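S.K.: The structure's right below; bear with me while I get my questions together.
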Amino acid sequence: EPEVTQTPSHQVTQMGQEVILRCVPISNHLYFYWYRQILGQKVEFLVSFYNNEISEKSEIFDDQFSVERPDGSNFTLKIRSTKLEDSAMYFCASRLQLSGELFFGEGSRLTVL
Amino acid sequence: GESVGLHLPTLSVQEGDNSIINCAYSNSASDYFIWYKQESGKGPQFIIDIRSNMDKRQGQRVTVLLNKTVKHLSLQIAATQPGDSAVYFCAEIGGLTGNQFYFGTGTSLTVIP
């Protein structure tokens, strides 16, 4: 069964460092998303991406964040200068069409020290 | 903005009993809802969805009920099994582009053997 894959599964970084989280969405999907989940809290929307551009972003997705689809398969989330409060589980998701099911990856746990 | 909330943060049931997990949503314009299951350390996993033109939808051992009058959603799990132990989220679609999924805070279901 096709799945969304994410790397790394866990990254520990120092405050102020840049982090790149990688995702490989399901191959024929067109819509891509990043969500985050702070420990014990709900899953929060960060950004959606379609046709090589951001279609929508939340208030959380400030100038420290950026997304990129550098080739036909990868979808990355970059945090330029990490803060302690960026520590969370980051989930990539994709779907084939707007009316379709959203498939999530297993997540990348980011720990900022 | 939209908000999606759960009535109870935790629920414990005996193995074999039926479980009912409730969810309230605030945006009367929402027309698509999904229930997700999240096991510890994993990404959300699709369980079942329902559109606003339906009141009920059944899957394998699961039923989702939608009451648009009171903006209430419920997930019924028949013959609950230990493998059903997880956090359950309801999500509604919304946002400026109708592209965002808004998640509730989740209900933690514990199945007692």
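S.K.: Kindly evaluate B:Tyr25 against the criterion of being under 18 Å from A:Phe45 (Cα atoms) and touching a His at 6+ places or on another chain (Cβ under 9 Å).
M.R.: It is true that B:Tyr25 is under 18 Å from A:Phe45 (Cα atoms) and touching a His at 6+ places or on another chain (Cβ under 9 Å).
S.K.: A further question follows. Considering only the stretch A:63-87, state which residues are crowded, with 21+ Cβ neighbours inside 10 Å and among the hydrophobic types (A, V, I, L, M, F, W, C).
M.R.: A:Val67, A:Phe75, A:Leu77 - these are the residues of the stretch A:63-87 that are crowded, with 21+ Cβ neighbours inside 10 Å and among the hydrophobic types (A, V, I, L, M, F, W, C).
S.K.: If I filter the stretch B:41-72 down to residues being in contact (Cβ under 8 Å) with a residue 24 or more places away in the chain and within 14 Å of another protein chain (Cβ to nearest Cβ), which single residue comes out as farthest from A:Gly100 (Cα to Cα)?
M.R.: Within the stretch B:41-72, the match that is farthest from A:Gly100 (Cα to Cα) is B:Val64.
S.K.: Pick out the one residue from A:Gly107, A:Gly100 that is at positive phi and open to solvent by less than 70 Å² (accessible area, probe 1.4 Å).
M.R.: A:Gly107
S.K.: Let me ask you something else. Go through the stretch B:36-113 and tell me which strands (runs of 3 or more DSSP E), entirely inside it, have 1 or more residues that are of a type outside the set (A, V, I, L, M) and farther than 26 Å from A:Tyr33 by Cα.
M.R.: B:56-58, B:62-67, B:72-77, B:107-112
S.K.: Go through the residues of the stretch A:19-41 one by one and say whether even a single one is more than 14 Å from every other protein chain (Cβ to nearest Cβ), open to solvent by 70 Å² or more (accessible area, probe 1.4 Å), in contact with a Lys or Arg (Cβ under 8 Å, 6 or more places away or on another chain) and touching a residue at least 60 places away in the same chain (Cβ under 8 Å).
M.R.: no
S.K.: Taking B:Ala24 as the residue in question, decide whether it is open to solvent by 10 Å² or more (accessible area, probe 1.4 Å) and in a strand (DSSP E or B).
M.R.: yes
The values are calculated or read from the model by the stated rules, or taken from the named source; none is laboratory data. Only a predicted model underlies this, so the values are computations on that prediction, with no experimental measurement involved. Counting neighbours? That spans all protein chains shown, and the Cβs are built from the backbone with ideal geometry, glycine included. Surface areas here come from the heavy atoms of the whole protein model, side chains and all, with no ligands, DNA or RNA. Shrake-Rupley method; radii C 1.70, N 1.55, O 1.52, S 1.80 Å.
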